[in-house]
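I have placed the structure first, in the form of structure tokens, so that the comments after it can refer back to it.
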């Protein structure tokens, strides 16, 4: 038996949780099954279209390269299927685009909505420069309310405050 003080460090952002891995593999299998059903439905709806020599016009043509999509449970690797139109060129070509897995999608819609919300929730903490516990105890105030009375900017004639400009000379 060798006694070694070397141990494996995990990468930041990775989890070695078996439950999370089961959820990811389940999500990957469910997504692959849903996209395969979508492709089968698309091919079935165009089954009546044939080439000049009697073969199917639309056929499966492998998969696009695998890509990672960020979801609520972490990144999930997916492979989008390809469909080839044997006859069509230009505008008469029939193209398949998955509604479940849009092209160029890198994160789920729920994360796209969540990112701005998390950013906006962190703004009051940045303004105060405090911890979340201190932020919940103090009320946020505008900068002018926190300034000492003598250092506040003074407005002349009160006209700038109301937004009106004075044309009086004098």
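The values are calculated or read from the model by the stated rules, or taken from the named source; none is laboratory data. The structure displayed is predicted, hence computed values, not measured ones. All Cβ positions, glycine included, derive from the backbone under ideal geometry; neighbour counts span all protein chains shown.
Below is a table of values for the structure above.
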| item | result |
| --- | --- |
| Residue check for residue 39: modelled with pLDDT of 90 or more, over 20 Å from the mean Cα position of the chain (by Cα) and not in a helix (DSSP H, G or I) | no |
| The stretch 71-91 - residue that is touching a helix residue (DSSP H, G or I) at 6+ places or on another chain (Cβ under 9 Å) and assigned to a loop (DSSP other than H, G, I, E, B) and, of those, nearest to residue 46 (Cα to Cα) | 80 |
| Checklist (1) within 30 Å of residue 23 (Cα to Cα); (2) part of a loop (DSSP other than H, G, I, E, B) applied to residue 94, failing item | (1) |
| Of the criteria (1) more than 20 Å from residue 46 (Cα to Cα); (2) at pLDDT 85 or above, which one residue 57 fails | (1) |
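Yes or no, residue by residue, for (1) in a helix (DSSP H, G or I); (2) under 23 Å from the mean Cα position of the chain (by Cα); (3) modelled with pLDDT under 85; (4) on the phi < 0 side of the Ramachandran plot:
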residue: 16; (1), (2), (3), (4): no, no, yes, yes
residue: 28; (1), (2), (3), (4): yes, yes, no, yes
residue: 32; (1), (2), (3), (4): yes, yes, no, yes
residue: 48; (1), (2), (3), (4): no, no, no, yes
residue: 65; (1), (2), (3), (4): no, yes, no, yes
residue: 69; (1), (2), (3), (4): no, yes, no, yes
residue: 98; (1), (2), (3), (4): no, yes, no, yes
residue: 102; (1), (2), (3), (4): no, yes, yes, yes
